[in-house]
Amino acid sequence: MPFFIQGQHKIKFIPEMVGPMLEMTLIPETELRKATIPIFFDMMQCEFHFTRSFQMFENEIITKLDHEVEGGRGDEQYKVLFDKILLEHCRKHKYLAKSGETFVRLVVRLMERLLDYRTIMHDENKENRMSCTVNVLNFYKEIEREEMYIRYLYKLCDLHKECDNYTEAAYTLLLHAKLLKWSEDVCAAHLTQRDGYQATTQGQLKEQLYQEIIHYFDKGKMWEEAIALGKELAEQYENEMFDYEQLSELLKKQAQFYENIVKVIRPKPDYFAVGYYGQGFPTFLRGKVFIYRGKEYERREDFEARLLTQFPNAEKMKTTSPPGDEIKSSPGQYIQCFTVKPKLDLPPKFHRPVSEQIVSFYRVNEVQRFEYSRPVRRGEKNPDNEFANMWIERTVYTTAYKLPGILRWFEVKSVFMVEISPLENAIETMQLTNDKLNSMVQQHLDDPSLPINPLSMLLNGIVDPAVMGGFANYEKAFFTERYLQEHPEAHEKIEKLKDLIAWQIPFLAEGIRIHGEKVTEALRPFHERMEACFRQLKEKVEKQYGVRTMPSSLDDRRGSRPRSMVRSFTMPSSSRPLSVASVSSLSSDSTPSRPGSDGFALEPLLPKKMHSRSQDKLDKDDPEKEKKDKKKEKRNSKHQEIFDKEFKPADLSPQPSEAVILSETISPLRPQRPKSQVISVLGGERRFSVSPSSPPGQQTPPPVMPRAKLSFSLQSSLELNGMTVTGVDTAEVPPPLPLKGSTADYGNLMETQDLVGSPVPPPPPPHQRHLPPPLPSKTPPPPPPKTTRKQTSVDSGIVQ
């Protein structure tokens, strides 16, 4: 029975009858479609009569159309008939002419995207599937259909995870999270379309999404983005949820992310402009230009090969100029591909000297503008100097969204071209050279372990005129009377170029200084030639353009800035001196790293009982002092020989943490102080190490202060170990001598066990047992009393 004869009860069939009626109209019979599509207009008219709108009908037909087309129904002919028939009816209606036409256009646009999506839904090319998915979800976002929008967000996220695009998967989920509030509002059913989320409120769902997004950003090495989300989540844990356990775990993750930023070398991706021309491409690609973000270490040749594999019938264009109408309207497929450079827009907080490891992220991320420069020669050709007439045509591309984003590519929305004069090009080139030189100098100041080969090539290309000609070409082209007469407006720019040339000298000087410290003997002649060239260059530049001094920031970095984390966490223990207590920290204030991190952990050291008689009293009361001194020195020299022979730096294997080992050479000009034995618990192993005791007159050592350099004197070692002397009478009976034994093994000694009175020789580390430590160099301990007894150490609480 036709819908339009149901009288006043017709409204009761809306929206329930919309779905079945749509299924019938989608049957591929032209006459049936022509007869049934007008029923949709009658439904619109009926609802409008009762409610002054047809919102229920519109929502229902959009929802059902999505499922029907995805299920295989519908085609291009149906789209054309739907558009033609409904528009004719709407335009004849007095009140539905405008709103009805808007609705028809909307449904037609949706069908175009759904048909494209269905066409490539089972295609092996997942990038095309991603493009069509984004087209559909953007459409649903535009018409504010949140349920359908979220549905396609998760389709896109699944595709990214299949391709290991974790950064893009994170950005995709972030779009869902932004729809939610940090509130106790009940979560609607369409917001939790995935079974993995167990949430009843929007705040709970947003928390779970943030945790998953942070995980994906971590896998994609986008730690800056993970930190930003972590700060927002930490605010909720601390001030709203009061979940300190989750806050603790989150802050540990953030600490690791900060470490990764300064420690991990992230490859910089290249960006490529790709144009699809010809009628042979699908509609979502045809005649459009996209900016693609390459994969790690992917060169342009590899990217082009991957691109042409997806379109085996396409022909690669050999020019970077925009094609003509002949190519655009041809039935074939033409692909244009070339590398573009991201245009850096640093945040204001980085407008100061900042580590290259931090700034490098923003050079290739969060970018929306890209440029391609093409040299063009104008005027008479000058074979002696090509820079005088070298113009630059620079094309700037602006994408719809920033990269990276929910896709690895975005469509170009605007293109404009600017021309760069030869003088402006020289200024820009000089500025880039100085920036690159300054950046490399900072990298070597931060991390002395970096190889010098890139620095060698950069320095030699600048200071040696035989290599690249240097800036002498600019002097010949622009610093002449003839050029100034022909271009009087260029005076200010010429002065700027001269200033950049003068500023290059201090950067070169610092680079050559670093190069001289690190150069090998094999490259010493190369370095000396470079120094000779630089001296001539410096004399000439300072005479003509003035003297510039190194920025104070670089001087500070050279003198006091701690080494970068890359250096601290890769330097082997064999390169550290044994007489220095080395502690690697995770922060600039030398705070020890937390247990379980990649750094070295330093645990509190347990002090053993110290001597009870002062050294002065021993010297006074011992009548055979000289004789004992000679015997002791002989023993010392023998033990020191064994110690030096066995404990070679090359024999030490890298450990997660190092024991504090102090030799006699730490403070040779001071009077010898008593030694005490401490248990060092480092990285889960128990070892003994010798640490000096506190002076008798000092009751409480000063607090531990952070140090920029990783070395400690006697006093700082006492502070590091936390040793104090309280309530000990230095004039009492001396402690007994150690028990003799040749096979003593203290490797399994527990912290609570009794310790024999000092001075007991500490056992060597587990990999070098039975080695005696150095003995005191001045006076041996007094003989033990005839009777032994347990004594309680006042300062440490250890029964001995």
Checklist outcome for this item: Sorted largest first, the C-alpha extents of the stretch 427-559 along its principal axes in whole angstrom are 50, 31, 23
Checklist entry - Applying 1/(1 + (r/R0)^6) with R0 = 35 Å to the Cβ-Cβ distance of V396 and V264, what FRET efficiency is obtained, to the nearest 0.05? => result 0.65
Item to check | Hz values of 3J(HN,Hα) by residue in the stretch 24-31 - Karplus curve (6.51, -1.76, 1.60), Gly and Pro given as x | outcome: 5, 5, 7, 4, x, 10, 4, 5
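With r defined as the distance between the Cβ atoms of H215 and D42 and R0 fixed at 56 Å, what FRET efficiency is calculated, to the nearest 0.05? Write down the numbers at each step before the final one.
Numbers: r = 52 Å, r/R0 = 0.93.
The pair H215/D42 has a calculated efficiency of 0.60.
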Item to check | Flagged links, alpha-carbon separation over 26 Å, of K181/K413; K316/K341; K79/K288; K161/K316 | outcome: K181/K413; K161/K316
Item to check | Sum of side-chain charges, P342 neighbourhood, beta-carbon under 12 Å (Lys, Arg +1; Asp, Glu -1) | outcome: +3
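Could you tally the net charge around V136, taking each other residue with its Cβ under 9 Å from the Cβ of V136, Lys/Arg +1 and Asp/Glu -1? Each step should come with its number before you reach the end.
Numbers: positive: R113, K155; negative: D66, D116.
My count for the surroundings of V136 gives 0.
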Checklist entry - Taking a 25 Å limit on the Cα-Cα distance, which of the listed pairs K98/K328; K493/K540; K252/K343; K126/K343 fall beyond it? => result K98/K328; K252/K343; K126/K343
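Stretch K328-F50 to full length: gain in nm at 0.36 nm per residue minus the Cα-Cα span? Could you put the intermediate results ahead of the total?
Numbers: separation 278, 0.36 × 278 = 100.08 nm, distance 5.04 nm.
Roughly 95.0 nm would be gained on extension.
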Next on the checklist: Residues of the stretch 207-231 with backbone nitrogen within less than 12 Å of a virtual label 7 Å along the Cα-to-Cβ line of W182, please, listed as ranges.
Outcome noted: 207, 229-231
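Can you give the FRET efficiency to the nearest 0.05 for V418 and Y244, using r as the Cβ-Cβ distance and R₀ = 45 Å?
On the way: r = 55 Å, r/R0 = 1.22.
That pair, V418 with Y244, gives E of 0.25.
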Checklist entry - What residues have an amide H closer than 5 Å to that of E371, excluding those fewer than 5 places away on the same chain, when H is modeled at 1.01 Å from N in the peptide plane? => result K341, K343, Y397
Checklist entry - Once label points are set 7 Å from the Cα along Cα→Cβ at both E542 and T339, what is their separation, rounded to one decimal in nm? => result 3.8
Item to check | Gain on full stretching of the segment that runs from R535 to T102 - 0.36 nm per residue minus C-alpha separation | outcome: 148.4 nm
Item to check | Rg to Rh quotient for the stretch 244-307, alpha carbon positions, Kirkwood Rh | outcome: 1.29
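How much length is gained if the chain between C163 and D123 is pulled fully straight, taking 0.36 nm per residue apart and subtracting their Cα-Cα distance, in nm to one decimal? Could you put the intermediate results ahead of the total?
Numbers: separation 40, 0.36 × 40 = 14.40 nm, distance 1.43 nm.
Extending this stretch completely gives an extra 13.0 nm.
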Checklist outcome for this item: The long-range amide H neighbours of L180, using H built 1.01 Å from N in the peptide plane and a cut-off of under 5 Å, are none
Checklist entry - Could you give me the ³J(HN,Hα) list for the stretch 217-224, computed from phi with Karplus coefficients 6.51, -1.76, 1.60 and θ = phi - 60°, whole Hz, x at Gly and Pro? => result 4, 5, 5, x, 6, 9, 6, 4
Next on the checklist: Residue by residue through the stretch 426-433, what is 3J(HN,Hα) from phi via Karplus (6.51 cos²θ - 1.76 cosθ + 1.60, θ = phi - 60°)? Round to whole Hz and write x for glycine and proline.
Outcome noted: 5, 4, 5, 5, 5, 5, 5, 5
Item to check | Net +/- balance of residues flanking T399 in space, Cβ distance below 15 Å, scoring K and R +1, D and E -1 | outcome: +3
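Read the figures in this text as sums done on the coordinates, not as results from a lab. Bear in mind that the values here come from a model prediction, so they are computed numbers and not experimental data. Because the Cβ atoms are built from the backbone with ideal geometry, glycine has one as well, and the counts that use them run over all protein chains shown.
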